[in-house]
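Worksheet: the structure to be examined is printed underneath.
The values are calculated or read from the model by the stated rules, or taken from the named source; none is laboratory data. From a predicted model like this one, the values you see are computed outputs, not experimental measurements. Positions of Cβ are generated from backbone atoms using ideal geometry, with glycine treated the same way; all protein chains shown enter the neighbour counts. The accessibility values were calculated without ligands, DNA or RNA, using every heavy atom of the protein model including side chains. Shrake-Rupley method; radii C 1.70, N 1.55, O 1.52, S 1.80 Å.
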Amino acid sequence: MTIRPATEADEALLRGLWEEFEVELGAEEYLRETWEEAWDDLAQTIREGVALIAEEDGEPAGFVFCVLGERGRKTAHVTDIYVRPDMRDRGLGRALLAELVTPAREAGLAHVSLEVLVHNADARRLYDRLGFVPVDVFMVAPLGAFAERIGSDERPASYGSLHVQTDDEAGVERAVTKFMPRVGHTAWSEVTRAGNGWVTVIDDLCDRDRSAQRRLGVELSERMGVPVVAFAVEQDAVVRFLMFERGRMVDEYLSVPTYYGDLNKADELSLSANATLVARLTGADPALVRAVARTASSPSELPPPRELLEQIAGAMRLEPRIER
């Protein structure tokens, strides 16, 4: 394998690799550009920055393009990097990036930067290993949804349900009726038997106030002497579940741990699902819980919240009540 500087005479070769790259990424239409548009920038990088081609037995295998502290950034900024699929897992991506160290230092730069699509998991794992950390997030919203929400000061509503592991529907209803006035005013509560060994509770105040749902979960698990699971879709963006046993909360999951603000790593990890505990309290398959109860740094990296909640509740053999 050899790595050599690219020249403008390599346009046809680079176009072939670039078009493969575009097809593989499968980016949304609004992120795509034509080769003619891309070539203007790439040719400028060939002249003023770092542009390299990797070859194996004389055949093109990949490329990297990097601008050196120009175009608004004071970093060695990797604008494009690609390795053909059949050439991966040989360290070629690392080798291309390693070639940037000397020119970056010679340019007096102290950082290397790049951008990566959220769904490009293989590339993100490589960049994580090489010490890259997120600094900003490029976010996109459909214009119609944006126009609708920007015209309203209201945050999207949150909805939740509690699930009590018992067939004693009347006992749960008595507990809810007795306890909710201590928590606060609620317009309505509804208690129903789900038919699978659990009783479901939904409540107006618990929808509006996550602390009310938490307090009710503690009370029901203590009074009924059984496990309780509380589900919620919050602000139509993130999924939360809480698990209670003998009057105390024993597990909490939030699909985007940092949604409400930055956390240290330990606190982030504490908001991941404890699959072993979930399995013990609900009979779920722990492997399935691990597969569906994922966490991410942004809601956009996960399925839509209601879909994600259905997956998580399904793993526990429960039916969330958030259709209102």
* Given (1) open to solvent by 60 Å² or more (accessible area, probe 1.4 Å); (2) under 20 Å from the mean Cα position of the chain (by Cα), where does Arg155 come up short, assuming only one miss? -> (2)
* To do: Please state which one of Ala38, Ala76, Ala6, Ala51 is out of contact with any Phe, Trp or Tyr (no Cβ under 8 Å at 6 or more places or on another chain) and buried (at least 17 other Cβ atoms within 10 Å of the Cβ).
  => Ala76
* To do: Have a look at Glu70, Glu55, Glu33 and point out the one that is closer than 25 Å to Met1 by Cα and either of a type outside the set (A, V, I, L, M, F, W, C) or touching a strand residue (DSSP E or B) at 6+ places or on another chain (Cβ under 8 Å) (or both).
  => Glu55
* When you scan the stretch 243-307 for helices (runs of 4 or more DSSP H) that lie fully inside it, which ones turn up with 1 or more residues that are among the aliphatic types (A, V, I, L, M) and crowded, with 19+ Cβ neighbours inside 10 Å? -> 275-282, 286-292
* Structure fact -> Checked the stretch 1-41 for anything aliphatic (A, V, I, L, M) and outside any helix (DSSP H, G or I); matches are Met1, Ile3, Ala6, Ala27
* To do: Can you work out which of the residues in the stretch 308-324 that are open to solvent by 50 Å² or more (accessible area, probe 1.4 Å) and either outside any helix (DSSP H, G or I) or in contact (Cβ under 8 Å) with a residue 60 or more places away in the chain (or both) is farthest from Asn274 (Cα to Cα)?
  => Arg324
* Which condition does Phe65 not pass, out of (1) surrounded by fewer than 18 Cβ atoms within 10 Å (Cβ to Cβ); (2) farther than 22 Å from Ser297 by Cα, if it passes all the others? -> (1)
* Asked: Would a scan of the stretch 207-217 turn up a residue that is at pLDDT 95 or above and not in a helix (DSSP H, G or I)?
  -> no
* Could you list all residues from the stretch 212-242 that are within 14 Å of Val201 (Cα to Cα) and open to solvent by 10 Å² or more (accessible area, probe 1.4 Å)? => Arg214, Arg215, Val218, Glu219, Met224, Pro227
